[in-house]
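First comes the structure, then the notes that go with it.
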Amino acid sequence: MPLVRIDAPAVLPPERLRAVADAVHAALVIHMNVPEADRFQIISRHDAQHLLIDPHYPSVERTAEALIVSVMLRAGRTEAQKLAFYRDVVAQAAKLSGIKPDDILIALSENTPLDWSFGRGQALYAPAATRPVRTAPA
């Protein structure tokens, strides 16, 4: 289960941000083997004083529409998968939303199955030995 966070400037309208979110999810499904229904995304819009993104580092030309896509996911993807993911997100987001490729910063953070609880306070994907034993109600 990836958890995606898109932090964007308030000047971007919701429909353009939704197009970016759709591009990210489609690329996760295609390149990272994420199930289609496994979509968890947080989209936050910030005014200019709360979203500080260098317009030129490193050797890119960002506009006032620059945004950050953070993806937290379980470890195990190859370098080729990650590189294809980056390229596809940028290409599709540019096509669907008009966002310039230089305006999309993507950061992946990997973790283990034990780092996820989908609800009920349980780590459903953790190794069986680390999961609490379920007992029948008294």
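The values are calculated or read from the model by the stated rules, or taken from the named source; none is laboratory data. Nothing here was measured: the structure is a model prediction, and the numbers come from that model. In this analysis, Cβ positions are derived from the backbone assuming ideal geometry, glycine residues included, and neighbour counts consider all displayed protein chains.
When only residues in the stretch 1-32 that are closer than 18 Å to D115 by Cβ and not basic (K, R) count, which is surrounded by the most Cβ atoms within 10 Å (Cβ to Cβ)?
Going through the qualifying residues, I end up with L28.
Since D115 meets every condition but one in (1) touching an Asp or Glu at 6+ places or on another chain (Cβ under 9 Å); (2) at pLDDT below 95; (3) under 20 Å from R5 (Cα atoms), which condition does it not meet?
Single failed check for D115: (1).
Please verify whether the stretch 62-74 includes one or more residues that are more than 27 Å from P14 (Cα to Cα) and either small (G, A, S) or out of contact with any strand residue (DSSP E or B) (no Cβ under 6 Å at 6 or more places or on another chain) (or both).
yes
Select from the stretch 52-99 the residues that are among the β-branched types (V, I, T) and in a strand (DSSP E or B) and write down the one among them that is farthest from V20 (Cα to Cα).
In this case the residue turns out to be V71.
What do you reckon, is I42 loosely packed, with under 12 Cβ neighbours inside 10 Å, under 11 Å from the mean Cα position of the chain (by Cα), at pLDDT 95 or above and of a type in the set (V, I, T)?
Taking the combined requirement at face value, the residue satisfies it.
Looking at K82, is it within 15 Å of the chain's Cα centre (by Cα), among the charged types (D, E, K, R) and over 18 Å from F40 (Cβ atoms)?
Spelling it out, K82 is indeed within 15 Å of the chain's Cα centre (by Cα), among the charged types (D, E, K, R) and over 18 Å from F40 (Cβ atoms).
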